[in-house]
1. Select from segment 117-143 the residues that are of a type outside the set (K, R), farther than 16 Å from L83 by Cα and either in contact (Cβ under 8 Å) with a residue 60 or more places away in the chain or surrounded by 14 or more Cβ atoms within 10 Å (Cβ to Cβ) (or both) and list them in ascending order.
2. Could you tell me which of the residues T11, T54 is in a strand (DSSP E or B), open to solvent by 40 Å² or more (accessible area, probe 1.4 Å) and not charged (D, E, K, R)?
3. Filter segment 14-39 for residues that are in contact with a strand residue (DSSP E or B) (Cβ under 8 Å, 6 or more places away or on another chain), closer than 17 Å to K94 by Cβ and assigned to a helix (DSSP H, G or I) and give the result.
4. For segment 41-58, state whether one or more residues are farther than 17 Å from F127 by Cβ and in contact (Cβ under 8 Å) with a residue 24 or more places away in the chain.
5. Identify the single condition in (1) open to solvent by 40 Å² or more (accessible area, probe 1.4 Å); (2) more than 17 Å from T131 (Cα to Cα); (3) modelled with pLDDT under 85; (4) not small (G, A, S) that F70 does not satisfy, given that it satisfies every other one.
6. Spot the failing condition for F114; the list is (1) surrounded by 14 or more Cβ atoms within 10 Å (Cβ to Cβ); (2) under 19 Å from A38 (Cβ atoms); (3) touching a Gly at 6+ places or on another chain (Cβ under 9 Å); (4) free of Cβ contacts under 8 Å to residues at least 40 places away in the same chain, and only one is missed.
7. Report the residue count in segment 57-95 for those that are over 21 Å from K136 (Cβ atoms) and either in a loop (DSSP other than H, G, I, E, B) or in contact with a Pro (Cβ under 8 Å, 6 or more places away or on another chain) (or both).
8. When you look at K59, is it open to solvent by 40 Å² or more (accessible area, probe 1.4 Å), at pLDDT 85 or above and closer than 24 Å to K116 by Cα, yes or no?
Amino acid sequence: MTQFPLIIHPTTKLHIDMISQNLPHALILNGPSGVGVATIAKQLAKHHGSPSLTIEPKKKGSDGKFSVDFDAGSMIIDDIRELYSSTRTKHSQKHVYVFDFGDRTMSVQAQNAFLKLLEEPQDGTHFILATHRLDKLLPTIIS
């Protein structure tokens with residue numbers, strides 16, 4: 001598979017470079033579908049040398065197992081609980097976790113569980129939420 005260079009508007013690139021120099025513990029990237037918010041989020045994580053984990057919307061299939069589904073899935077609470085467990089240990093390097101929502105969102109239960117991670121961040125742990133639907137996030141997550 002051929003990788004194409006990411007083309008970013010100069011003003012956007014300037015903002016990304018500024019953010020990249022001092023990555024906050026939580027960041028929301030929002031924009032219309034197709035502008036590359038998830039790609040930018042993954043590039044920011046990669047820039048920090050992180051063993052980045054991308055969490056994507058899932059849907060339970062007829063076999064009872066969850067699989068990634070950007071059309072009908074959502075962020076599930078089990079992923080948030082697993083992430084909570086893995087972020088409680090100290091790491092010697094930065095860890096950047098990317099939430100690739102697309103047009104989907106987290107259930108209210110998953111968002112409430114995610115708030116615990118945001119309120120009690122570990123040093124060197126960063127979260128980047130890439131979404132096209134900011135209106136679907138709880139105001140407490142946005143703030």
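1. Matches in segment 117-143: A130, T131, H132, L134, L137, L138, I141, I142.
2. T54
3. Hit for segment 14-39 is I19, nothing else.
4. For segment 41-58, residues farther than 17 Å from F127 by Cβ and in contact (Cβ under 8 Å) with a residue 24 or more places away in the chain: absent.
5. (2)
6. (3)
7. Final tally of qualifying residues: 14.
8. Spelling it out, K59 is indeed open to solvent by 40 Å² or more (accessible area, probe 1.4 Å), at pLDDT 85 or above and closer than 24 Å to K116 by Cα.
The values are calculated or read from the model by the stated rules, or taken from the named source; none is laboratory data. Here the structure is a predicted model, which is why all the values come from computation and not from measurement. So basically every Cβ, Gly included, is an ideal-geometry build from the backbone, and we count neighbours across all protein chains shown. For accessibility, only protein heavy atoms count, side chains too; no ligands or nucleic acids. Shrake-Rupley method; radii C 1.70, N 1.55, O 1.52, S 1.80 Å.
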